[in-house]
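**Student:** Take this structure first; my questions come after.
The values are calculated or read from the model by the stated rules, or taken from the named source; none is laboratory data. What you see is a predicted model; the values in this text were computed from it and never measured. Note: ideal-geometry Cβ built from the backbone for every residue, glycine included; neighbour counts use all protein chains shown. Protein only, heavy atoms only, side chains kept; ligands, DNA and RNA dropped before computing areas. Shrake-Rupley method; radii C 1.70, N 1.55, O 1.52, S 1.80 Å.
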Amino acid sequence: MAEEHDLVVIGGGPAGYAAALYGAAAGIDVALVEESKLGGTCLHVGCIPAKELLETASVLRTVREAGAFGVEAGEPVVDLAISQSRKQGVVDNLTKGLTGLLAGRKVTVHAGTGTLGVDHTVTVDGDEPAVLQAPHIVLATGSSPRTIPGFDVDGTLVVTSDELLSITEVPERVAVIGGGAIGCEFASLLADLGSAVTLLEAMPEILPGCDVDAAKAVRRAFKKRMIDVHVGVSVHGHDPSDGATTVRFGEDGAVGVDLVVVAVGRRPRGDAAGLVGTRVEVDERGFVEVDERLRTGEPGVYAVGDVVATPQLAHVGFAEGMFVVRDLLGEQPTPVDPATVPWCIYSHPEVAFAGMTEAAAREAGHDVVVSSHRFIGNGRAMIVGDTDGLVKVVAEKDPDGRAGRILGVHLVGPWVTEQLGQGYLAVNWEATVDEVAAFIQPHPTLSELFGETVLSLTGRSLHG
Ligand code: NAI
């Protein structure tokens, strides 16, 4: 006899646990199947541990630069064992909190691998095997790091984000392959910790998907920090010798390193939940095929999170998990629009954006006006001693030639991941430049720069 529920979720990462928690909060009976750890990539080998270690880097920078404020702290030394144990403490606390939340909402959690078969039946293969059935199923099986030919991940000389987050020693020389969000965050982290970092990106600019001015600002700041960035280079392979290796790239580039970090994207795990005998389709990249309501080809079966071809971000997973619950309840929610979700990258400097890049807006046929201002002129940025970066706002040009609706907001600089809120709302509320310019920004704040940039688009600025 199958155990009956209203909803069975396969995968306990952000997308899956959001569906489970939100479903339970809505009063339906939910089971969640997880084969590894509750919290998934984000909590164990992604967002949380990465940002925790990046905070160690930030503390280190602050102490290093303390002398400029007249605070003599000497040359700081990192004890990575303590950093790692603090990181683990944060992860463990959050895992405990999540476990408690699921229990509190009476979600039935099964430890094991869930396989979806015919008739909405989910077989759990684990220490306590079970067979579950529900009218609605959510597939949330996530993703795993991609690798590239010629770079076998051995966990010591060649690693992905999974292993890098647990390093116990700071490598002297590192090559990071891939200049996306993960590559830039790790390049930044390792440079702060004292490694000599070479960043190798195949595309003409790092951070593809970001506005090009934002990406350039990061590249400039990386250069100042002695990160050796190469763009437009393909990586051919590496030649290990004596515990180190030489990475070959571009026409005749080569760099000797003690560690290679492969950060070339994440592969969706569309095949992780069986699906034999169902009408769920998986494309050649490994993504589960869904429509804009995240419905698969099998009625009643949804897919959410990294396993579908929407931005692979934990907060997009949360939104999708909640969306499908509302959809199955017949509430007609508005689908998540991948084009306007917030993005936050925690390198130093940080990057945050929402909406269209200038290039994407022009490509989509918009007549655009753009304004950008640099943090170097912002009082608070000078006070905190962190003036690298800019705010760029992309707006649609009205027929009268004035700046109208805000299409995109792009930030690079100190704590911009905490400053995106206004820009995100402006884009998603389809606010105009005039509307947002009327809002008062507290002084002195970093967020004044966003206000100033929008104000300048009205044709009259104050400080800029
Ligand atoms: P990504 O797809 O964002 O970036 C991978 C980069 O590697 C691309 O720039 C690509 O051009 C480059 N690349 C691919 N093959 C290469 C090769 N052979 N040689 C040199 N460069 C090569 O993937 P990433 O950074 O690994 O992140 C995976 C996913 O996780 C992304 O969707 C990302 O947005 C998300 N993520 C987001 C974070 C954030 O928002 N803070 C942090 C970490 C991950």
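**Student:** Given a 1.4 Å probe and heavy atoms of the protein chains only, how would you sort K37, K96, largest accessible area at the top?
**Tutor:** Heavy-atom accessible area, descending, gives K96, K37.
**Student:** Ordered by residue, what ³J(HN,Hα) values in Hz, to whole numbers, does the stretch 112-121 give under the Karplus form 6.51 cos²θ - 1.76 cosθ + 1.60, where θ = phi - 60° and Gly and Pro are x?
**Tutor:** Calculated HN-Hα couplings, in order: x, 8, x, 10, 8, x, 6, 6, 6, 9 Hz.
**Student:** A further question follows. Local charge sum around T62 (other residues, Cβ-Cβ under 13 Å, Lys/Arg +1, Asp/Glu -1)?
**Tutor:** -2
**Student:** To continue, here is another question. What does the charge dipole of the stretch 158-264 about its Cα centre add up to, to the nearest 20 debye, if the Cβ of each Lys and Arg holds +1 and the Cβ of each Asp and Glu holds -1?
**Tutor:** Around 400 debye, computed over the stretch 158-264.
**Student:** From the backbone phi of the stretch 449-457, what are the Karplus-calculated ³J(HN,Hα) couplings (6.51 cos²θ - 1.76 cosθ + 1.60, θ = phi - 60°) in whole Hz, Gly and Pro given as x?
**Tutor:** Going residue by residue, I get 5, 5, x, 4, 5, 5, 4, 5, 6 Hz, with x marking Gly and Pro.
**Student:** Taking the Cα centre as origin and putting +1 on Lys and Arg beta-carbons and -1 on Asp and Glu beta-carbons, what dipole magnitude results for the chain, to the nearest 20 debye?
**Tutor:** Here the size comes out at about 1060 debye.
**Student:** Kindly provide the GluC sites (Glu not before Pro) of the stretch 17-97 that DSSP labels as loop, not H, G, I, E or B, and whose Cβ sees at most 11 other Cβ atoms within 10 Å.
**Tutor:** Qualifying residues, ordered by number: E72.
**Student:** What accessible area, in Å² to the nearest ten, does a 1.4 Å probe give for Y22?
**Tutor:** Looks like 80 Å² after rounding.
**Student:** Please name whichever of G423, G321, V262 sits farthest to the positive end of the charge dipole of the chain, dipole taken about the Cα centre and charges placed at Cβ: Lys and Arg +1, Asp and Glu -1.
**Tutor:** The Cα lying farthest towards the positive end belongs to G423.
**Student:** List every residue whose amide H lies under 5 Å from the amide H of G180, counting only residues 5 or more places away in sequence or on a different chain, with H placed 1.01 Å from N in the peptide plane.
**Tutor:** It is L207, by chain and number.
**Student:** Something else now. Counting other C-beta atoms within 10 Å, and keeping those with at most 12, which DSSP coil GluC sites (Glu not before Pro) do you find in the stretch 294-388?
**Tutor:** Qualifying residues, ordered by number: E331.
**Student:** Further, regarding this structure: If you add up the charges near V174, with Lys and Arg at +1 and Asp and Glu at -1, over every other residue whose beta carbon is less than 11 angstrom from its beta carbon, what do you get?
**Tutor:** Result for the neighbourhood of V174: -2.
**Student:** Which sequence of T245, T56 reflects their accessible areas, 1.4 Å probe, from the largest down?
**Tutor:** If we order T245, T56 from most to least accessible, we get T56, T245.
**Student:** Separate question: With only alpha-carbon pairs counted, each pair once and no self-pairs, how large is the Kirkwood hydrodynamic radius of the stretch 268-368 in angstroms? Don't skip to the answer; put the middle values down first.
**Tutor:** On the way: mean 1/r = 0.0653 Å⁻¹.
Hydrodynamic radius (Kirkwood, Cα only) of the stretch 268-368 equals 15.3 Å.
**Student:** Once phi is turned into θ = phi - 60°, what whole-Hz ³J(HN,Hα) does the Karplus curve with 6.51, -1.76 and 1.60 give for every residue of the stretch 327-332, x standing for Gly and Pro?
**Tutor:** The phi angles translate into 5, 5, 7, x, 8, 6 Hz.
**Student:** Moving on. What is the gain in length, in nm to one decimal, between K216 and I440 on full extension, counting 0.36 nm per residue of separation less the C-alpha to C-alpha distance?
**Tutor:** 77.7 nm
**Student:** What does the accessible area per residue of the chain come to in Å², with a 1.4 Å probe and no ligands, DNA or RNA counted?
**Tutor:** 46 Å²
**Student:** Which value, in Å² rounded to 10, gives the accessible area of H120 with a 1.4 Å probe and all protein chains present?
**Tutor:** Solvent-accessible area, nearest 10 Å²: 30 Å².
**Student:** Could you work out what % of the accessible surface of the chain is carbon and sulfur, using a 1.4 angstrom probe and leaving DNA, RNA and ligands out of the count?
**Tutor:** 53 percent
**Student:** Mind listing the long-range amide H neighbours of H236? Cut-off is under 5 Å, sequence gap 5 or more, other chains count too, H placed in the peptide plane at 1.01 Å from N.
**Tutor:** R248, F249, G250
**Student:** Tell me the label-point distance for the pair T99, D79, using the 7 Å Cα-to-Cβ offset, in nm and rounded to one decimal.
**Tutor:** Between T99 and D79, the simple spin-label model gives 2.7 nm.
**Student:** Quick one: accessible surface of T432, probe radius 1.4 Å, all protein chains present, in square angstrom to the nearest 10.
**Tutor:** Around 50 Å² of this residue is reachable by solvent.
**Student:** Then there's this: Measuring from label point to label point, each 7 Å out along Cα→Cβ, what is the A359 to A66 span in nm?
**Tutor:** Placing both labels 7 Å along Cα→Cβ, they lie 4.3 nm apart.
**Student:** Taking amide H positions as placed 1.01 Å from N in the peptide plane, with prolines and chain starts having none, which residues 5 or more places from S144, or on another chain, fall under 5 Å of its amide H?
**Tutor:** Counting only residues 5 or more places away or on other chains, the set is R267, R269.
**Student:** Quickly work out the R225-to-K106 label distance, labels modelled 7 Å from Cα along the C-beta direction, and quote it in nm with one decimal.
**Tutor:** Using points 7 Å along Cα→Cβ, the separation is 4.9 nm.
**Student:** Hey, if we sort D386, D192, D92 by accessible area with the 1.4 Å probe, largest down, what's the order? Don't jump to the answer; show the numbers that get you there.
**Tutor:** On the way: D386 35, D192 10, D92 80 Å².
Per-residue accessible area, sorted high to low, gives D92, D386, D192.
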